[in-house]
Amino acid sequence: MSSQAESAAAVSAAAEARSALRLTRSISATWWYVALAVVVFQFFVLTLLVSVLVEGSYGTATVVAVGVGGLLWWLVSLVPIFDYRHRAAEAPLLVWRRHLPSLVVGVAFGLGAGLVTGSWVVGTLPVVQVLMLLNWPPGLRLRTVLAVTVLLVALGIIDLRAIGDLAGTSWPQLIFMCATLPIITVSSLWWWDVLVALDQARISEARLAATQERLRLATDVHDLQGHHLQVVALQLELAERLMPRDAEAGMEQLRAARVSVDDARQGTRDLATRFRSVPLRDELANAVDLLRAAGTRVESVVDPDAAQAPASALGPVIRETTTNVLRHGGGRWARLSLARSDGVWRYEISNDVGATAHEAGGGAGLEGLARRAAEVEGVLHVRREGQTFTVVVTVPTEEVPVEGRVAG
């Protein structure tokens, strides 16, 4: 039983760890998509501004000064962008130690670029973009980005009328990109906020489900043990009263109390088994994951109706045989299958032979599996063909009840 419990725990822990790792990687990858979308779009606006200045013949010194200032503004903007990943809803709007450099550089670059180009949009955008990266409350952030977008559009119209065609044909594109940068930034951050909220809801739901399951288990244990302990206490009290007058009747109550204790113990064992049970398809998936995690190439064929197979009989078999493959197999390949035919479920696992395969062939593990299969009127077959070791377990399609096992 201990080896089966250890195997089940190992399979479950490995599956849960891989699932959590995949989820963490997916969330992390989503964050990088969001951050890179904002960073790349902001850099594109900067390069478009430099291109417009080159087209407008603003002079090499001006182009270089605006380009260097814009690159510095872009770099300091990375700090609030990447801080946003771990932001807390209760955090203040502005963290001076982190945001002050971005604000100062944004204001300086905006003033310089606005004066050099004569563009209101170019002078306003750097400050607006930094403000959009602050920790705004959700409702206020939406109103703010709508307001600044309207402002940038209005300033863009003023710029187009003032500049005209003197500075080249790329000004309309630049003004459009400047006007859309804040709203693209906010929409990207909003998408990240939604993902974080969903992940937190998932964690809360999992914790709530675990708490409810513990409460249900505690209630079942309380009801089961409370009932049996009360019966045992009454039987012992009655035996104590009967012993001085009728020893035989007192002994009868003691025997009844012992039966009640056995019933309580069996009930507790059944309750624990019920809570430890795992759907058979999940057992097989966990076995495949565990073997692959060990570097084994695995093939698996599972009947579509595997949920109807007797999980209480085949679940421990799957766990034990998986452990045997890990301990005694060659570690290169394994094949698992579960199929139903001719009134029986047939579970088969084959693997390459390892250096200690002779120990698995006659060890206590397989003997225990044979006994477990026999309890449900099943049969275990073991065969070795060259470098292939195979274990086959067949059990009836209908699970044998406990009473039937005892009677047999």
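The values are calculated or read from the model by the stated rules, or taken from the named source; none is laboratory data. Just so we're clear, the structure is a prediction, and the values are computed from it rather than from any experiment. All Cβ positions, even for glycine, are placed from backbone atoms using ideal geometry, and neighbour counts span all protein chains on display.
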Query raised in the report: Hey, Val64 hits all of (1) farther than 29 Å from Asp193 by Cα; (2) at pLDDT 85 or above; (3) of a type in the set (Val, Ile, Thr); (4) buried (at least 20 other Cβ atoms within 10 Å of the Cβ) but one; which does it fall short on?
Result: (4)
Query - Test: Leu189 is out of contact with any strand residue (DSSP E or B) (no Cβ under 6 Å at 6 or more places or on another chain), modelled with pLDDT under 80, surrounded by 14 or more Cβ atoms within 10 Å (Cβ to Cβ) and not aromatic (Phe, Trp, Tyr) - result: no
Query raised in the report: Out of all the residues in region 120-167, which are of a type in the set (S, T, N, Q) and surrounded by fewer than 20 Cβ atoms within 10 Å (Cβ to Cβ)?
Result: Thr124, Asn135, Thr144, Thr149
Query - Residue satisfying condition, being at pLDDT 75 or above, more than 28 Å from Ile163 (Cβ to Cβ) and assigned to a helix (DSSP H, G or I), within set Ala20, Ala13, Ala35 - result: Ala35
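If the requirement is being among the β-branched types (Val, Ile, Thr), closer than 30 Å to Arg87 by Cβ and assigned to a helix (DSSP H, G or I), which of these qualifies: Thr219, Thr268, Thr180?
Step by step, each of Thr219, Thr268, Thr180 is checked, and only Thr180 is among the β-branched types (Val, Ile, Thr), closer than 30 Å to Arg87 by Cβ and assigned to a helix (DSSP H, G or I).
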Query raised in the report: Are there any pairs, at least 6 apart or on different chains, whose C-beta atoms fall under 9 Å, with the first in region 151-165 and under 14 Å from Gly56 (Cβ atoms) and at pLDDT below 80 and the second part of a helix (DSSP H, G or I) and not acidic (Asp, Glu), and if so, which?
Result: Ala162/Trp120; Ile163/Thr117; Ile163/Trp171; Gly164/Trp171; Asp165/Trp171
Query raised in the report: Of the conditions (1) in a strand (DSSP E or B); (2) within 28 Å of Asp270 (Cα to Cα), Ala285 fails just one. Which one is it?
Result: (1)
Query raised in the report: Considering Gly295, Gly315, which residue is touching a residue at least 24 places away in the same chain (Cβ under 8 Å) and either part of a helix (DSSP H, G or I) or more than 38 Å from the chain's Cα centre (by Cα) (or both)?
Result: Gly315
Query raised in the report: Only one residue in Gly110, Gly69 is in a helix (DSSP H, G or I), free of Cβ contacts under 8 Å to residues at least 40 places away in the same chain and more than 21 Å from Arg143 (Cβ to Cβ), so which one is that?
Result: Gly110
Requested in this report: Kindly provide the set of residues from region 369-408 that are at pLDDT below 85, acidic (Asp, Glu) and loosely packed, with under 14 Cβ neighbours inside 10 Å, ordered by number.
Outcome: Glu398, Glu403
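Before we move on, is Thr117 among the hydroxyl-bearing types (Ser, Thr, Tyr), assigned by TED's automatic domain parsing to the domain that holds Val194 and surrounded by 19 or more Cβ atoms within 10 Å (Cβ to Cβ)?
yes
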Query raised in the report: Looking at this structure, is Arg98 in contact with a Phe, Trp or Tyr (Cβ under 6 Å, 6 or more places away or on another chain) and either farther than 30 Å from Ser57 by Cα or surrounded by fewer than 17 Cβ atoms within 10 Å (Cβ to Cβ) (or both)?
Result: no
Query raised in the report: Any idea how many residues of region 113-137 are out of contact with any Lys or Arg (no Cβ under 9 Å at 6 or more places or on another chain), assigned to a helix (DSSP H, G or I) and either of a type in the set (A, V, I, L, M) or in contact (Cβ under 8 Å) with a residue 12 or more places away in the chain (or both)?
Result: 16
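Matching residues to (1) small (Gly, Ala, Ser); (2) in the same structural domain as Ala264 (by TED's automatic domain parsing); (3) surrounded by 13 or more Cβ atoms within 10 Å (Cβ to Cβ); (4) more than 22 Å from Arg269 (Cβ to Cβ):
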residue	(1), (2), (3), (4)
Val196	no, no, yes, yes
Ala218	yes, yes, no, no
Gln225	no, yes, yes, no
Gln235	no, yes, yes, no
